[in-house]
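Structure first, commentary second.
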Amino acid sequence: MMLRKFCRNIWIAISVAVSFVGCTDHQTTIPFEFPAYTPRLIVLSSVGTISGGEAVVSWSRPLRGQPGVVPALPKLSVFLLEEGERIIKFSEVPDSVGYFVINPEDISLKLGAAYAIEILMEEKAERITSEKCYLPEKPVLTDVNIELNPNLPSMYTLNWSQGAAKEGVGATALYPFLIGEKAVKTTKQGLAAYFLSPEFRFTDGKPLHGRTGSKRFDRQIKKGDGSTELAKEVDVTLAYLSPDLARFKKEIDQLGSLGEAIFQTVRPLYSNIVGAEGIFGLYNETSVRANF
């Protein structure tokens with residue numbers, strides 16, 4: 001009896017809902033007005049022990065369909081801080097806007113020291129800094145060897161071992177940088193390569209156990225004329241990323257599924273920049289070169 005009464009009430013509710021929909025205009029569009037575009041300064045910066053430092057500073061962009069003009073970037077100076085003191089100035093790359101670097105040979109990072117980035121907007125004397133960041137321990141990379149299949153010369157299998165690590169590593173990434181005939185790496189070394197590595201692993205700051213790995217990679221190098229060549233060497237690099245970079249990467253992965261862009265501040269990403277938005281972090285690297 002109770003079940004029959006429950007079912008009858010459900011059908012009455014459905015009938016009322018259908019009648020209501022039938023008596024109203026069906027809306028296929030919803031009017032929406034974008035909020036006013038407010039430029040926000042975005043800072044994306046990292047420093048590696050082998051790759052050196054990079055800093056990209058830009059204004060956030062309006063959304064598609066949102067009115068607004070991106071302002072010109074003011075004159076900037078970018079510094080790396082160690083224990084709150086400036087230790088080196090980033091060099092602005094010629095013919096670029098808001099792109100600054102530190103050459104690897106010009107820097108030596110210390111374990112246990114607190115690092116940060118400082119952006120000085122010179123005209124306003126306005127200072128923007130990041131929160132403190134610490135260098136993870138140096139990775140241990142051993143037993144690197146290559147297996148070739150004569151029936152498939154365009155591919156190779158990379159084998160390696162990596163040692164254990166204490167707490168404080170946010171993520172690990174292994175990337176094989178191919179080296180062509182001119183003894184030049186065909187992929188720019190740095191954080192972007194590690195973020196795209198198929199051997200990227202979040203560790204969430206927990207202690208790491210030693211592990212062995214084996215993975216097949218492409219050996220082909222695309223040349224400017226559209227042809228390809230087989231790499232002569234590979235520089236296998238293992239990087240340990242600070243928790244700041246790992247958390248930022250995790251949120252980027254979630255953001256990408258929505259089709260948004262990191263320069264459009266629709267949904268806030270993790271940021272450790274004070275006075276702006278973005279990220280600063282460190283990563284420690286170890287590399288081993290192998291011949292094919």
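Points worth noting:
- Accessible-area rank, largest first, for 288, 140: 140, 288, with all protein chains present and a 1.4 angstrom probe.
- Accessible surface, region 20-170, averaged per residue in Å² (probe 1.4 Å): 60 Å²
- Residue 38 contributes about 90 Å² of solvent-accessible surface, heavy atoms of the protein only, 1.4 Å probe.
- Within-12-Å neighbourhood charge of residue 158 [Cβ basis; K, R +1; D, E -1]: -2
- 13 Å beta-carbon shell around residue 84, net charge (K/R +1, D/E -1): -2
- Accessible area of region 70-176 belonging to carbon and sulfur atoms, whole % at 1.4 Å probe: 49 percent
- Dipole magnitude for region 66-168: about 120 debye, using +1 per Lys or Arg Cβ and -1 per Asp or Glu Cβ, origin at the Cα centre.
- Ranked packing of 95-105, 39-49, 233-243, most packed first, by mean Cβ within 10 Å: 233-243, 39-49, 95-105
- In straight-distance terms, cross-link reach from residue 249 covers every one of the aspartates and glutamates whose alpha-carbon lies under 15 Å from its own, apart from those fewer than eight places away in the same chain; here that gives 199, 204, 260, 277.
- Protection proxy ranking, peptides 63-73, 159-169, average beta carbon neighbours within 10 Å, highest first: 159-169, 63-73
- Distance (nanometres) between label positions extended 7 Å along Cα→Cβ at residue 131 and residue 151: 5.4 nm
- For the set 75/124; 188/223; 138/206; 188/232; 138/182, the pairs lying more than 21 angstrom apart at their alpha carbons are 138/182.
- Protection proxy ranking, highest mean first, for peptides 147-154, 219-226: 219-226, 147-154, where packing is the per-residue count of other beta-carbon atoms within 10 Å, averaged.
The values are calculated or read from the model by the stated rules, or taken from the named source; none is laboratory data. It should be emphasised that the depicted structure is a prediction, and the values quoted were computed from it without experimental measurement. Here Cβ is always computed from backbone atoms with ideal geometry, including for glycine, and neighbour counts include all displayed protein chains. For accessibility, only protein heavy atoms count, side chains too; no ligands or nucleic acids. Shrake-Rupley method; radii C 1.70, N 1.55, O 1.52, S 1.80 Å.
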